[in-house]
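Chemist: Can you keep this structure in mind? I'll have questions shortly.
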Amino acid sequence: MCPRESVARKKAKEEHRIGEILRGLDEEYADAECALHHDSPFQLLVATILSAQCTDVRVNMVTPQLFQRYPIPREMAQADEQELQEIIRSTGFFRNKAKNLIGASRKIVETFEERVPESMEELLQLPGVARKTANVVLGTAFGIRTGVVVDTHVKRLSNRLGMTTHTDPTKVEKDLMGLIPRDRWIEFSHQLIHHGRRVCNSRKPKCDACVLADVCPYGLQNGQQ
C-alpha cells in the first residue's frame, strides 16, 4: 500500500468517526438549544456576556430582574453603573461586566441604530464581546453560521473526543470548523454543551452511559480500566 492510499484511508476512517459522533449527538440531543433565557438578540447578548465564568443557571436567575429594569439597549446604555453592579453581582466579575454591558449598549445605540449587529466584525467592536459571544449571538439569534461556539464544555469534550489537541479556544474552533460540516456548526455546539453537562462532566464523566463511548478515545481508554 502506498503512503497516499494510507493517508486517504485514515482520512476516510476519521470522517466516518465524526459522522458517528454527529449521529450519536442527534439521537440524544435532537432538540438541544441555547440554555440562556432570552426574548431578543439584545437579551441574548447581555446573558452571554454575563455567562463568562458563571453558570447559565445563575445567569437565568439574574436576568429576569435585569431585563425588567433595562429591556432595551438605550435604557441599559443610560444605566447607573453601581445599580447595575448590584443586580448582576452574583454572576461574578460584576464590576467589569457592568462596565462592558453599559459600553456595549452605548455602542449599539450610537453606532448600530439600537440594533444588535449581525456580523462577526461588528460584534467584536462591542465591549465584552469575543468570538465565543459573537458566535452565540450570530448562531442562536440570527441563524448565521460564522463559527463554532467554544465554551469550557466544548473545549473539554472536543479534546476527549480526539477532535483537537489544543486548549486555546481560537485553535479549537479552527479545528472543529475543519471537521464539522458548516450546516451543523450551531447545533453541534448546543449538543456538545448539553452532553458535557449531563454525561461528560469534567471530574467524573459517565463513560458507561455515554452514547459516544465507542467512538471516543477517552471513553475507550476508560472503558478498559
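Chemist: Among the residues of the range 77-93, write down those that are aliphatic (A, V, I, L, M) and in a helix (DSSP H, G or I).
Modeler: Ala77, Leu84, Ile87, Ile88
Chemist: Further, regarding this structure: Could you count how many residues in the range 120-135 are out of contact with any helix residue (DSSP H, G or I) (no Cβ under 8 Å at 6 or more places or on another chain) and closer than 20 Å to Asp168 by Cα?
Modeler: 1
Chemist: Continuing with the same structure: Against the condition of a type outside the set (Val, Ile, Thr) and crowded, with 21+ Cβ neighbours inside 10 Å, how does Ala77 come out, does it pass?
Modeler: no
Chemist: Go through the range 85-129 and report how many residues are open to solvent by 40 Å² or more (accessible area, probe 1.4 Å) and among the aliphatic types (A, V, I, L, M).
Modeler: 1
The values are calculated or read from the model by the stated rules, or taken from the named source; none is laboratory data. Owing to the predicted nature of the structure, the values given are computational and were not obtained by experimental measurement. Using ideal geometry, Cβ is built from the backbone for each residue, glycine included, and neighbour counts are taken over all protein chains shown. Keep in mind that these areas ignore ligands, DNA and RNA; they rest on the heavy atoms of the full protein, side chains included. Shrake-Rupley method; radii C 1.70, N 1.55, O 1.52, S 1.80 Å.
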